[in-house]
């Protein structure tokens, strides 16, 4: 298979392929046959944690060499991997779990590889985002925001966006922070439906639903929470442009001494509405 891809890549500057290979988010049986084939046939596997990836490879008798590629030294590690690609050696990029670049490193490597004509091929496979979205029972457009912001001001901006958008929102949260995040959602979103999936595909997988307060009560009795993915249902169409909500948010910003110019900028960013529309809503605001 790798040889066939190499033939296609020969039209570019480099006869090598960079494969983006999703790996299981829990159950090792979720690996695809094609992913196993690629991991066996490439000449190098770039991964976040070699110890973690080696467990997966050992389970399937794969002995391809590994090289560490983690976010804190991404630029430096990308240069070494680029040297291998430039020699025509195909490389697979994997995350510790799930699909590469979905809140995981890989951006630097992909851009540099594309710049020199390396063929880039992505494989479909496990992703906590799509697994949670599917299990939530919600359909329609959704926005994935990565990990929920740690800074409270940034978190409130994201919640305002949820409040005013019909798109569902999906995000990751750490076990240590999920309780505080649910409290914040409960405070600002009230009865808005929330779905929480923990330990997806693992033995203790669990789904919780209700408003944020309901989910918080269910979750607070757990001694161990595990990895969490949250889906917040989008706003009803009728409430999307709730002018009172926009005005209340503007007053919050006024109280924090934001200038009119900054208030317009923040509200455009948070709501997705046009600047002129925001200006109209705020006319007459003290």
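The values are calculated or read from the model by the stated rules, or taken from the named source; none is laboratory data. Not measured: the values here are computed from a predicted model. Cβ sites come from the backbone with ideal geometry, for glycine too, and all protein chains shown count toward neighbours.
When restricted to residues that are outside any helix (DSSP H, G or I) and within 27 Å of the chain's Cα centre (by Cα), the range 38-97 contains 20. Among the residues of the range 265-279, the one identified as at pLDDT below 85 and surrounded by fewer than 11 Cβ atoms within 10 Å (Cβ to Cβ) is 274.
Taken over the range 98-140, the residue count meeting the criterion of being touching a residue at least 40 places away in the same chain (Cβ under 8 Å) and more than 15 Å from the chain's Cα centre (by Cα) is 17. Of the numbered criteria (1) buried (at least 17 other Cβ atoms within 10 Å of the Cβ); (2) without any contact (Cβ under 8 Å) to a residue 40 or more places away in the chain, the one residue 245 fails is (2).
Scanning the range 156-181 for residues that are out of contact with any strand residue (DSSP E or B) (no Cβ under 7 Å at 6 or more places or on another chain), under 14 Å from residue 233 (Cα atoms) and crowded, with 16+ Cβ neighbours inside 10 Å yields 159, 160, 161, 163, 164, 165. Filtered by the rule that a residue be in contact with a strand residue (DSSP E or B) (Cβ under 7 Å, 6 or more places away or on another chain) and either closer than 16 Å to residue 126 by Cα or free of Cβ contacts under 8 Å to residues at least 24 places away in the same chain (or both), the range 48-67 gives 50, 53, 54, 56, 65, 66, 67. Can you find even one residue in the range 209-218 that is buried (at least 19 other Cβ atoms within 10 Å of the Cβ) and at pLDDT below 90? Looking through the range 209-218, none of the residues is buried (at least 19 other Cβ atoms within 10 Å of the Cβ) and at pLDDT below 90. Restricting the range 135-155 to residues that are surrounded by 13 or more Cβ atoms within 10 Å (Cβ to Cβ) and out of contact with any helix residue (DSSP H, G or I) (no Cβ under 7 Å at 6 or more places or on another chain), the residue that is farthest from residue 248 (Cα to Cα) is 135.
Taking the criterion of being within 25 Å of residue 144 (Cβ to Cβ), out of contact with any strand residue (DSSP E or B) (no Cβ under 6 Å at 6 or more places or on another chain) and either exposed (fewer than 14 other Cβ atoms within 10 Å of the Cβ) or modelled with pLDDT under 95 (or both), would at least one residue in the range 9-26 satisfy it? Yes - at least one qualifying residue is present in the range 9-26. Among residues of the range 258-274 that are under 25 Å from residue 167 (Cβ atoms), those with a Cβ under 8 angstrom from a residue that is exposed (fewer than 12 other Cβ atoms within 10 Å of the Cβ), sequence gap 6+ or separate chain, pair up as 264/275; 268/274; 268/275.
When 200, 120, 159 are checked against the criterion of being assigned to a loop (DSSP other than H, G, I, E, B) and touching a helix residue (DSSP H, G or I) at 6+ places or on another chain (Cβ under 7 Å), a single residue qualifies: 200.
Which pairs do you get when a residue that is assigned by TED's automatic domain parsing to the domain that holds residue 199, found in the range 20-45, comes within reach of a residue that is modelled with pLDDT under 95, reach meaning Cβ atoms under 6 angstrom, with the pair 6+ apart or on two chains? Taking only residues 6 or more apart or on different chains, not a single pair turns up.
Scanning the range 65-80 for residues that are at pLDDT 95 or above and either buried (at least 16 other Cβ atoms within 10 Å of the Cβ) or in contact with a helix residue (DSSP H, G or I) (Cβ under 6 Å, 6 or more places away or on another chain) (or both) returns a single hit, 66.
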